[in-house]
1. Determine whether residue 400 is outside the structural domain of residue 579 (by TED's automatic domain parsing), assigned to a helix (DSSP H, G or I) and either hydrophobic (A, V, I, L, M, F, W, C) or within 15 Å of residue 364 (Cα to Cα) (or both).
2. In the stretch 255-279, which residues are free of Cβ contacts under 8 Å to residues at least 60 places away in the same chain and at positive phi?
3. Mind listing just one residue for me: the one in the stretch 1-15 that is part of a loop (DSSP other than H, G, I, E, B) and over 39 Å from the mean Cα position of the chain (by Cα) and, of those, modelled with the highest pLDDT?
4. What is the one condition in (1) under 16 Å from the mean Cα position of the chain (by Cα); (2) farther than 23 Å from residue 409 by Cβ; (3) surrounded by fewer than 17 Cβ atoms within 10 Å (Cβ to Cβ) that residue 327 does not satisfy?
5. For the stretch 470-511, which positions are of a type in the set (D, E, K, R) and either in contact with a Ser or Thr (Cβ under 6 Å, 6 or more places away or on another chain) or closer than 21 Å to residue 579 by Cα (or both)?
6. Only one of 60, 79 is over 29 Å from residue 252 (Cβ atoms), of a type outside the set (Phe, Trp, Tyr) and modelled with pLDDT of 85 or more. Can you tell me which?
7. Looking at the stretch 470-522, which of its residues are over 41 Å from the mean Cα position of the chain (by Cα), surrounded by fewer than 17 Cβ atoms within 10 Å (Cβ to Cβ) and in contact (Cβ under 8 Å) with a residue 60 or more places away in the chain?
8. Based on what the data block shows, is residue 194 crowded, with 17+ Cβ neighbours inside 10 Å, touching a Gly at 6+ places or on another chain (Cβ under 7 Å) and under 25 Å from residue 209 (Cα atoms)?
Amino acid sequence: MPTDNVTNRTFADLFKGRVQFVIPFFQRGYAWQRRNWDDLFTDLQDEILKELDEGTPLSEVEHFFGPIVIQAKDPGPDEIVEYLVVDGQQRITTIYLLLGLIREQIQAKMSYSTQATDYVTELRQVLTNADGVMGDDYRRLKVFSGKGDRLPTYAAVFGSEHKPSSPYYASDVSQYRPGHNLVDDFMKYARRRLTREFTDVPNLWRLAQVLLTCLKVVWIPLREGHDDAQAIFESLNDKGTPLSASELLCSYLFRPLSKSEGFETLHNEQWLDAIKVTGGRELFEEYLRHLFSIDERKMIGKGRKVYVHFKTKNRNLNTGTAREQLARIHELAPLYQQITNPSERPHPELRIRRLLEEIKHTRMDTPNPFFLACLADLKAGGTTADEVVAMFRETLVLLVRRKMTEQQATIYDQMFPILYKKVRFEPDKVRAIQKQFREYGVWTSDQEFSDAFVRRTLYRSRDLEFTRLVLRELDKAMSPHGQYPDYSTLNSIEHVIPQTPDVAWKEYLGTEIRDDYFEVIVNSAGNLCLLSQPANSSVGRNAFEAKQNAYHVASEMTRRIKEHAGPWNLDAVRARSRQLGEMACKIWKWGD
């Protein structure tokens, strides 16, 4: 990085005149969060305002605020000098937003100060390029980002009631969710701090002067055409906020695209839309991890390993291949939502939707690359809905059987990413998948599965969705004529013998209370049923006969327990668990 023309500057220097600090596409969006904002206000109070309170003149107080690495661009037709912000985006954006909020707060207190009008006018000159802007109100901003932050930044400076006249406005509106953006989060946080700590115009104006003159940055200019701004950006470590995998990947993917027209539209309509579809940046990164794991020998690691993998696989990325990769990311995002959120984003094929809902209750996400590959091929016409249903059904059987038998799932990291590639062209997908399950050593026999109902706990506090799934499907299998209750109301898991028996239950059970496997048996399938929450709370630790009388015939399970003759002891629970295990083998039966 060059050191020529490196100087110390203030934010008053940075925002002077007709300038615009453009956040390039290889940068992230606004990323500072509560800990960063707390640090900023702590520094302002402890390092600057405290010194001013002790009598030090404003002109003599300085606080180093980090480097600003920029690359100057030629002035546009409206003579606004543009700077690409290579490093320091979070700092410069935060101060810019805070100055906009101070202007808003002072303007709201105009009637309380004769100087407020002058202060607002001066801050407006600091914040905006007011005159001669050509055809785009966003050019009035002095800090400019296209990563979903442009519209909330405009609202922070000009007020939410003002809508920019801009060719980018419609796209920004479609991507912006008020209250779900870190710019909005900061404005809410800072507004609360200012309202509490800077209550009058003089204190607000003093804070503005502190931000503009006391915070010093090191101004580091790069030479256009000589210095690789993106490479320098990736090598820098932003203060307290390391780049995420998706931010690095976006930077890398758009490097060739940023040289062609319409790249911002691609970013908004495909990249940002994919983030929105998948439910936000964290879920988007998990989507990328599963997407890029398809056809790999092993699941890609989390975090930056996703970016490293993509970069390694796409070393010679050009405009064409970048467009292809971006289109694939965008196209498959809705399919991923059908897998991870099947109730809210249902697959159009009812059989697939129902299987995905049941699979979700197993709380296993390692198979997602396999499911995504199947749905992508179904969409492309490479397989049929019947074949997908058959493959998903076999996978559900595997997941339920192995989870019930409490077998390790680490082998899934190797099996599922490449599974569809191995079975895709096989004429009998069921037999092909079963063959792979046997080769990977994950096949679970009927004997192992049914034994688990007696020897393993079904009730696991960390995995109640799976417990409910098994009990619900068992109840359905018992129900005559396929007439099922409303399971959404039967969402509480009842232990007939309480998990912690009281004195009466201990007397009822006698010596069985000291059985070495008492805890396992009490939490096994035979001792469980589904009740509504009020009913479960009502029966509590009541005696067995009292529970029988109180159980409403809400489901087939409770009806059979209600009609049970004889004592409800450990032998009765074991016998019921064996029956349920035999039934489960038929419910989750391997395909023929």
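1. yes
2. Passing the criteria: only 262.
3. Within the stretch 1-15, the first condition is being part of a loop (DSSP other than H, G, I, E, B), and the residues that meet it are 1-6, 15.
The next check asks that each one be over 39 Å from the mean Cα position of the chain (by Cα); those that pass are 3-6.
Numbers: 3: 45, 4: 52, 5: 69, 6: 76.
Filtering first and then ranking leaves 6.
4. Going through the list (1) under 16 Å from the mean Cα position of the chain (by Cα); (2) farther than 23 Å from residue 409 by Cβ; (3) surrounded by fewer than 17 Cβ atoms within 10 Å (Cβ to Cβ), residue 327 breaks only (1).
5. Step one: filter the stretch 470-511 for residues of a type in the set (D, E, K, R), giving 472-473, 475-476, 486, 494, 502, 506-507.
The answer is 472, 473, 475, 476, 494.
6. On the way: 79 fails: modelled with pLDDT of 85 or more.
Just a single option satisfies the conditions, and that option is 60.
7. Of everything in the stretch 470-522, just one residue is over 41 Å from the mean Cα position of the chain (by Cα), surrounded by fewer than 17 Cβ atoms within 10 Å (Cβ to Cβ) and in contact (Cβ under 8 Å) with a residue 60 or more places away in the chain, namely 480.
8. no
The values are calculated or read from the model by the stated rules, or taken from the named source; none is laboratory data. Every value quoted in this text rests on a predicted model; they were computed, and no experiment measured them. Cβ: placed from backbone, ideal geometry, glycine included. Neighbour counts: every protein chain shown.
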